[in-house]
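To start, the structure under review is shown below, and the notes come after it.
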Amino acid sequence: MKMKVKQLKPYHIKADADHLYVIVSPSYFTLLINREEYQLDPTKAKEIIIKRRDKTIANLNVEFTFRKNSELIYITMGELMKIPDFLIILAKIAAPFFIDDTATDDGLIEDEVVIGELERLNIKRLIDRSLDERDEKTFYHLLTLL
């Protein structure tokens, strides 16, 4: 059975802290199966759940129903994932909602660098002040902090 995505647009998107819920409707989810057009029939499943952190599909066990007139075809999420168009379109839909932990880590590292530099500059000012006041003990102590 040869399959291709003709149309996949979300009807609605919900997100919580961990998951993204892509709700699809018959008018927005159409497959070409052996060159015949089939629309989603939401009797079994109408939602794709994606983990926001690792970008994987969480509901792998669901089965979607597609209809052409009175003919029904059942397709599992695993079969849909074998269609390159499906994964590409789904990735574009979900991309704005993904949580990128590395960006947060980079921001923390950048903050630590800035704070470290400010502390170093503050120590240099204190060294200058200890020289002005001829405070030898403080001067040598501050040098150890650099």
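Which entries of Lys14/Lys68; Lys6/Lys92; Lys51/Lys92; Lys14/Lys46; Lys4/Lys68 show an alpha-carbon separation above 19 angstrom in the structure shown?
Over 19 Å apart, Cα to Cα: Lys14/Lys68.
Rounded to the nearest 20 debye, the dipole size of the chain about its Cα centre is 1080 debye, using +1 on the Cβ of Lys and Arg and -1 on the Cβ of Asp and Glu. Remark: segment 1-66 projects, on average over all directions, an area of 4.7 nm² (convex hull of Cα atoms).
Rounded to the nearest 500, the helix-only mean residue ellipticity at 222 nm of the chain stands at -13000 deg cm²/dmol, with each DSSP H run of n ≥ 4 adding -39,500 (n - 2.57).
Positive contributions from Lys and Arg (+1) and negative ones from Asp and Glu (-1), summed over other residues with Cβ under 15 Å from the Cβ of Ser130, come out at 0.
Extension gain, Leu87 to Lys14, is 24.4 nm, computed as 0.36 nm per intervening residue step minus the present C-alpha separation. For the pair Lys68 and Arg120 in one chain, pulling the backbone fully straight at 0.36 nm per residue adds 11.6 nm over the alpha carbon distance.
Please report the relative contact order for the chain, taking Cα pairs under 8 Å with a sequence separation of at least 6, and give it as a percent rounded to a whole number.
17 percent
For Rg and Dmax of the Cα atoms in Å, computed directly from the structure shown, the correct entry in (1) 16.9, 54; (2) 17.8, 53; (3) 28.7, 96 is (3). Using the Cβ-Cβ distance between Thr76 and Ser27 with R0 = 22 Å, the FRET efficiency computed as 1/(1 + (r/R0)^6) comes to roughly 0.50. The local environment of Thr65, defined by Cβ-Cβ distances under 10 Å, has a net charge of +1 under the rule Lys, Arg +1 and Asp, Glu -1. Note on the chain: dipole from Cβ charges, positive end direction compared against Ser130, Leu80, Leu32; the farthest Cα belongs to Leu32.
None of the figures in this text is laboratory data; all of them are computed from the coordinates on show. What you are looking at is a predicted structure, and each value in this text was computed from that prediction instead of being measured. Here the Cβ is made from the backbone with ideal geometry for all residues, glycine too, and neighbour counts use every protein chain on show.
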